[in-house]
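The values are calculated or read from the model by the stated rules, or taken from the named source; none is laboratory data. Remember, predicted model here, so these are calculated numbers, not experimental data. Cβ coordinates were reconstructed from backbone atoms using ideal geometry, including for glycine residues, and neighbour counts include every protein chain displayed.
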Amino acid sequence: MEAARGKCPNAFNMIYNVSIGGRNLRIALERDGEEWKLELNAVLFPLNARPIRHGVISLIVDSRVYEAKRDQLGNQARLWINNTPFIAEIPDPRSLTARRSRTGAASTTAKLLASMPGKVLRVMVSAMDQVEVGQALLVLEAMKMQNEIKSPNKGTVKHLITEGTYVNAGDVLVIVE
Amino acid sequence: MFNKILIANRGEIAVRIVRACREMGITPTAVYSDVDRAALHVRMAAEAYYIGPSPALESYLNIDRILTVAKRCGAEALHPGYGFLSENSDFAEACAISGIKFIGPSPASMKIMGSKTKARQQMEKFGVPCVPGNSQALQSPEQAKQIADHIGYPVMLKAAAGGGGKGMRLVTEPQQLQAALEAAQSEALRAFGNGDVYIEKAILNPRHIEVQILADEYGNTIHLGERECSIQRRHQKVLEESPSAFVDETLRRRMGEVAVRAASSAGYTNAGTVEFLVDKDKNFYFLEMNTRLQVEHPVTELVTGLDLVQSQILIAANENLALVQADVEFRGHAIECRIYAEDPGNQFFPSPGKITLMREPSGPGVRLDTGVYEGWTVPTDYDPLLAKLTAYGESRDQAISRSLRAVDEMFVGGIQTNLSLFRRILSDPAFRAGKIDTGYLDRLLTSDARIENHEDAQVAAIAAVLFNVFENETQSVGTANNGARLSDSNWKRAARIESSNMET
């Protein structure tokens, strides 16, 4: 694996924090067709990914072949690598529960980050506004999808991004205190 | 020869019998319950008949319904498979009365072997070794002491009405006997309302080894060697192999001869299995006889080259056995893994449900007897056996390597299965060294299982992201393609133009 490793330039357009088996992994990706650049734990790997059929992706990670399978058990998605099941969670800033788990249930400050690069299409609140749980704050367009970002808690809007801004993954969109 | 056989069973064994019929030019005729309309055995059969609601009592165990179908469809013979009605002598008798040949032994020999006490008496009469002891209730502590002294310690006290370990006591020394007897009797009384306790020599950490026999209707009986079935969980076999790593040429011949004698003594015909407990000094004791085809018959088929289901059908059709004992040759080694829909993470609790993704293993030396397919919903009404994965090799080592490779190739998604258990067994040094007995699996399961593989976890995290990305892609195909499609209505086109204007 050593040969393919390299210093990671800060050029990834997809950044995810994945929780797996109680650990959190930061995965940064950049895509060129079937070939991807992958940064994991600050190390760079080449990755080739080909969907085989629904629920099956063939992966070549740094020349090593894996078949990833995904199935659903009840309402939980399982990922299978080498016949070992894993439960992976990708916290999504659009989802209320994910935000709660990241900021901690007791915390009253919510910092909403962009999960993918995109454009802030609309902002529906102003700084220092009082907002309710579930109130729509802004609309982020990413991967050709419009996503309404809602407030995870009741509080005051402390920081707010400007309408029309292009954001990168990980940028702060709004802070509700 | 028969033209049509009714298969009074379901699942993988019904599929197995369908295959034998096809190969012999016989019309395989299936039966099915409500929930089994789309089961594999129905899809593969030539004819199929509905026999009732899903609960087995109202369908696969319903003698009247099955016999009505058998007569109506014109089957000359009926194969009961294993389980369900296969060891029911009343059913075998009812078949005979209806003029339908039951593919199995006569009702009379089924009755002898079906009763523990009758079978034991019969076996003792014909010099078949049984576990030393008495099978009648002990009358007094003095009588218990007398018998225990005679058969030698350690001894086991067992409740006559028993089961599940209740009323059982292991006694290793004479001075423990009286207290243990009182405890066993009161426990048996509380558990079963019957305080009768009998005494048997305790066979510590025995192996469970069985011998396959074939007998035609002209008095010819042969054995096809042994199957090692010591890997069990709660008396349920999990993995079987042939030959047993513990059985040498001499022991095989002795056990084979005894098995043939046991079968002949009961006038046994067709395929059957004599089960033995074997102690560490290679003493073996008659346990019981199974008067049907066994689940694990494929391992015997692979090492003998014989087709047991076809043999059963030929015997039932009054054919002579095609071979004598001296013709039976053993070659190589075979291992069967019973793949169940059950959760190894939750005490092997049954896990029925829809199989959303399935990959079947193949390649050299691999045989899969399956009763399921991708898209099939494993019903809650029956045994959760999905498939039997049997691997053959020239040696035991090769059979183990092939089994492991095939288990790794196999995938069943959407439900829980015990596939991971076989990976543990097949790579366990004690198993690979042949050091197994009936306590093996419990010991393995109490040892620590978790081997954290960080690399697999990392790949799983990457895959989780990629599944998300690819999924979003397919979801956004509609919006990505803004070009108007000619087949669209004006209404749809207008809506799309409007929404794309909004986005920019």
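A residue that is modelled with pLDDT under 90 and not in a helix (DSSP H, G or I) cannot be found anywhere in the range B:171-190. Limited to the range B:399-430, what total is found for residues that are out of contact with any strand residue (DSSP E or B) (no Cβ under 8 Å at 6 or more places or on another chain), closer than 28 Å to B:A202 by Cβ and of a type in the set (A, V, I, L, M, F, W, C)? The number of residues fulfilling the criteria is 1.
Checking the conditions here, which among B:E217, B:E210 is assigned to a loop (DSSP other than H, G, I, E, B) and either under 24 Å from the mean Cα position of the chain (by Cα) or closer than 19 Å to B:M289 by Cα (or both)? Full working, then the answer.
Details: B:E210 fails: assigned to a loop (DSSP other than H, G, I, E, B).
Unique residue meeting the criteria: B:E217.
When restricted to residues that are basic (K, R), at pLDDT below 95 and in contact with a strand residue (DSSP E or B) (Cβ under 9 Å, 6 or more places away or on another chain), the range B:97-129 contains 2. One residue stands out in the range A:19-69 among those that are of a type in the set (V, I, T) and modelled with pLDDT under 90: the one that is farthest from A:I90 (Cα to Cα), namely A:V43. For residues in the range B:264-308 being part of a strand (DSSP E or B) and more than 21 Å from B:D216 (Cα to Cα), which is modelled with the lowest pLDDT? Top of the filtered list is B:L287.
Checking each residue in the range B:407-441 for being in a helix (DSSP H, G or I) and within 12 Å of chain A (Cβ to nearest Cβ) picks out B:V407, B:D408, B:E409, B:L419, B:S420, B:L421, B:F422, B:R423, B:R424.
Does B:E249 count as under 23 Å from B:Y392 (Cα atoms) and crowded, with 24+ Cβ neighbours inside 10 Å? Considered against the rule, which asks whether it is under 23 Å from B:Y392 (Cα atoms) and crowded, with 24+ Cβ neighbours inside 10 Å, B:E249 comes out as no.
For B:N320, the conditions (1) surrounded by fewer than 22 Cβ atoms within 10 Å (Cβ to Cβ); (2) within 30 Å of B:G133 (Cβ to Cβ); (3) in contact (Cβ under 8 Å) with a residue 12 or more places away in the chain all hold with the exception of (2).
Quick one: how many residues across the range B:41-53 are under 17 Å from B:G74 (Cβ atoms) and either in a helix (DSSP H, G or I) or not assigned by TED's automatic domain parsing to the domain that holds B:K71 (or both)? Adding up the residues that qualify gives 0. Of B:S244, B:S311, which residue is in a helix (DSSP H, G or I), out of contact with any helix residue (DSSP H, G or I) (no Cβ under 6 Å at 6 or more places or on another chain) and not aliphatic (A, V, I, L, M)? Result of the check over B:S244, B:S311: B:S311.
Here A:L140 fulfils each of the conditions (1) surrounded by 17 or more Cβ atoms within 10 Å (Cβ to Cβ); (2) modelled with pLDDT of 85 or more apart from (2). The set of residues in the range B:236-246 being crowded, with 18+ Cβ neighbours inside 10 Å and more than 17 Å from B:D397 (Cβ to Cβ) consists of B:K237, B:V238, B:E240. Filtered by the rule that a residue be under 17 Å from B:T380 (Cα atoms), in contact with a helix residue (DSSP H, G or I) (Cβ under 6 Å, 6 or more places away or on another chain) and without any contact (Cβ under 8 Å) to a residue 40 or more places away in the chain, the range B:37-79 gives B:G52, B:P53.
Can you pull out every residue in the range A:39-91 that is facing chain B (nearest Cβ under 7 Å) and part of a loop (DSSP other than H, G, I, E, B)? Those that are facing chain B (nearest Cβ under 7 Å) and part of a loop (DSSP other than H, G, I, E, B): A:G55, A:N82, A:N83, A:I90.
Can you name the helices (runs of 4 or more DSSP H) wholly within the range B:62-164 that have at least 3 residues being more than 25 Å from B:V278 (Cα to Cα)?
B:63-73, B:89-97, B:107-114, B:141-151
Can you confirm whether the range B:331-350 contains a residue that is buried (at least 20 other Cβ atoms within 10 Å of the Cβ), over 19 Å from the mean Cα position of the chain (by Cα) and assigned to a loop (DSSP other than H, G, I, E, B)? Checking the range B:331-350: not a single residue is buried (at least 20 other Cβ atoms within 10 Å of the Cβ), over 19 Å from the mean Cα position of the chain (by Cα) and assigned to a loop (DSSP other than H, G, I, E, B).
Table: residues versus (1) assigned to a strand (DSSP E or B); (2) over 24 Å from B:E473 (Cα atoms); (3) at pLDDT 85 or above.
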site	(1), (2), (3)
A:V125	no, yes, yes
A:M128	no, yes, yes
A:E148	yes, no, no
A:K158	yes, yes, yes
A:E163	no, yes, yes
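Which of the residues spanning the range A:14-38 are of a type in the set (A, V, I, L, M), more than 12 Å from B:Q458 (Cα to Cα) and either surrounded by fewer than 18 Cβ atoms within 10 Å (Cβ to Cβ) or facing chain B (nearest Cβ under 8 Å) (or both)? Walk me through it before giving the result.
Start the filter on the range A:14-38 by keeping residues that are of a type in the set (A, V, I, L, M), which leaves A:14-15, A:18, A:20, A:25, A:27-29, A:38.
After this cut, where a residue has to be more than 12 Å from B:Q458 (Cα to Cα) as well, the list is A:14-15, A:28-29.
Within the range A:14-38, A:M14, A:L29 meet the criteria.
Each residue in the range B:429-443 was checked for being modelled with pLDDT under 95 and over 20 Å from the mean Cα position of the chain (by Cα), and 1 of them qualify. Is it the case, given these coordinates, that B:L404 is surrounded by 23 or more Cβ atoms within 10 Å (Cβ to Cβ), within 14 Å of chain A (Cβ to nearest Cβ) and closer than 13 Å to B:G363 by Cβ? The answer is no for B:L404. Of these, B:A38, B:A20, B:A30, which one is assigned to a loop (DSSP other than H, G, I, E, B) and among the aliphatic types (A, V, I, L, M)? Result of the check over B:A38, B:A20, B:A30: B:A38. Looking at A:V172, A:V125, A:V167, A:V157, can you tell me which residue is away from every other protein chain (no Cβ under 14 Å), at negative phi and in contact with a His (Cβ under 7 Å, 6 or more places away or on another chain)? Selected residue: A:V172, the only one of A:V172, A:V125, A:V167, A:V157 that is away from every other protein chain (no Cβ under 14 Å), at negative phi and in contact with a His (Cβ under 7 Å, 6 or more places away or on another chain). Looking only at the range B:442-453, residues that are within 14 Å of another protein chain (Cβ to nearest Cβ), surrounded by 12 or more Cβ atoms within 10 Å (Cβ to Cβ) and of a type in the set (A, V, I, L, M, F, W, C) come to 1 in all.
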